[in-house]
Amino acid sequence: MGFHLQLIFALLSLAAVALANHAAQPAPQLYWNSVLPNTQMPRAISELLHPDSTNEEKSTNIMNAVGNGKPTDHKGKPENIPLALIFYNKRYDHPTDNQLHYKNVAIFFLEKDMRPGATTNFQFPRNSNTAAFLSRESAQSIPFSSNKLSEIFNHFSVKPTSVEAKTIKQTIEECEAPGVKGEEKYCATSLESMVDFSTSKLRTRNVQAISTEVLEKGATMSMHKYTTMPGLKKLAGDKVVVCHKQNYPYAVFYCHAIKPIAAYVLSLKGDDGVKVKAVAICHLDTSEWNPMHLAFQILKVKPGKIPICHFLPTDHIVWVPNHKSA
């Protein structure tokens, strides 16, 4: 009888621990676990799920990424150009002299440049934009519209003439702008809405979500020469969803489904010994791109069928179907 009581108490204790762990998980993680039970959560997402950081008023350091080595504007101030915009947005189809600073960096490269032994200059800093996810319910209670800017500024105690206000306005305007031809875009203001958008565009919940990861703690903000190691892996599907972290008081991701496209995971080793699991995206048809796009300036090629590739920064996520569902 005593043994049975001990067994019952042990089982009840385990159940209580399980319930406590479940209750301790933030709502976005619970949603992920319920909708994507077989999908590993990438670091770019898990780092933004700290329950003590999900209060949107604690996440107003939206300008962390400014001045981190990016080119400056004509007034000498940091020109905070999100890489997502350089990759996809028409606003940067005509690069300025300062934006051509990127010619010395492997922002764009050709598919053949991913062969083992190839070297490239790039920068894989740790995420500096640490604004955390809100639950969908919390995010939906806060306006996210260019028609509600005054209300948004008041909510976050931001002065309308401040740099922070300018960044908020720019992020919302980019989210509201029409997508380029063949692009299905959406700004996800919660992890739940990102999951819903990505799985709906891929038409399956059997997906992989992958981000670039620096595998050593010693990663720095400086530029390094990286060598491509053997083991290039092409991910499934010719249609992928890519989500880019935006500068905002809480986690907002600019997501878009694009095709035809190919996604790869490759291993890189820096000249400082740091290893990186890098995600690369290759656009297979650039015939609709503006001939003055920065990619063509860097690679000395013309719009057409030559795939143009780029790495994803560590705070971006690529969604693809699992091989079993591809």
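Where Rh denotes the Kirkwood radius from the mean inverse Cα pair distance, what is Rg over Rh for segment 239-305?
Values: Rg = 15.3 Å, Rh = 14.6 Å.
Radius of gyration relative to Kirkwood radius: 1.05.
Given axes a ≥ b ≥ c from the Cα gyration tensor, I'd like to know whether segment 205-326 is rounded (a/c under 1.5), prolate (a/b larger than b/c) or oblate.
Values: a/c = 1.36, a/b = 1.15, b/c = 1.19.
Because its axes are fairly even, with a/c under 1.5, segment 205-326 counts as rounded.
Sequence-distant or interchain residues sharing an amide H contact under 5 Å with CYS187, placed H: which?
Excluding prolines and chain starts, which carry no amide H, the hits are CYS255.
Rounded to whole Hz and in sequence order, give me ³J(HN,Hα) for segment 276-284 from the Karplus expression 6.51 cos²θ - 1.76 cosθ + 1.60, θ = phi - 60°, writing x for Gly and Pro.
Coupling constants for segment 276-284: 10, 8, 9, 9, 10, 10, 10, 8, 7 Hz.
Quick check: at a probe of 1.4 Å, how many percent of the accessible area of segment 258-326 sits on carbon and sulfur atoms?
Of the solvent-accessible surface of segment 258-326, carbon and sulfur hold 54 percent.
Pull out the extension gain between LYS233 and GLU111, defined as 0.36 nm times the separation in residues minus the alpha carbon to alpha carbon distance; nm, one decimal. Spell out each step's value before the answer.
Working: separation 122, 0.36 × 122 = 43.92 nm, distance 1.26 nm.
Here the segment from LYS233 to GLU111 would lengthen by 42.7 nm.
Identify, among SER200, CYS255, GLY231, the residue whose Cα sits farthest towards the positive end of the charge dipole of segment 161-280, taking +1 on the Cβ of Lys and Arg and -1 on the Cβ of Asp and Glu, with the dipole about the Cα centre.
Selected residue: GLY231.
Rounded, prolate or oblate for segment 133-189? Axes are the square roots of the Cα gyration tensor eigenvalues, ordered a ≥ b ≥ c, and the cut-off for rounded is a/c under 1.5.
Judged from the Cα gyration tensor, segment 133-189 comes out oblate (a/c at least 1.5, b/c at or above a/b).
Could you give the size of the charge dipole of segment 271-324 about its Cα centre, using +1 on the Cβ of each K and R and -1 on the Cβ of each D and E, expressed in debye and rounded to the nearest 20?
220
Once a ≥ b ≥ c are taken as the square roots of the eigenvalues of the Cα gyration tensor of segment 126-282, is the result rounded (a/c under 1.5), prolate (a/b larger than b/c) or oblate (a/b not larger than b/c)? Don't skip to the end; give the middle numbers.
Numbers: a/c = 2.30, a/b = 1.44, b/c = 1.60.
Oblate, since a/c reaches 1.5 and b/c is not below a/b.
Could you calculate, for segment 239-278, the ratio of the Cα radius of gyration to the Kirkwood radius, expressed as Rg to Rh?
1.14
Please list 3J(HN,Hα) in residue order for segment 154-171, calculated via the Karplus relation 6.51 cos²θ - 1.76 cosθ + 1.60 where θ = phi - 60°; whole Hz, with x for glycine and proline.
5, 4, 9, 6, 10, 6, x, 9, 7, 5, 4, 5, 4, 5, 4, 4, 5, 4
The values are calculated or read from the model by the stated rules, or taken from the named source; none is laboratory data. Nothing here was measured: the structure is a model prediction, and the numbers come from that model. Don't worry about glycine lacking a Cβ; one is built from the backbone with ideal geometry, like all the others, and counts go over all protein chains shown. Only protein heavy atoms, including side chains, enter the accessible area calculation; ligands, DNA and RNA are left aside. Shrake-Rupley method; radii C 1.70, N 1.55, O 1.52, S 1.80 Å.
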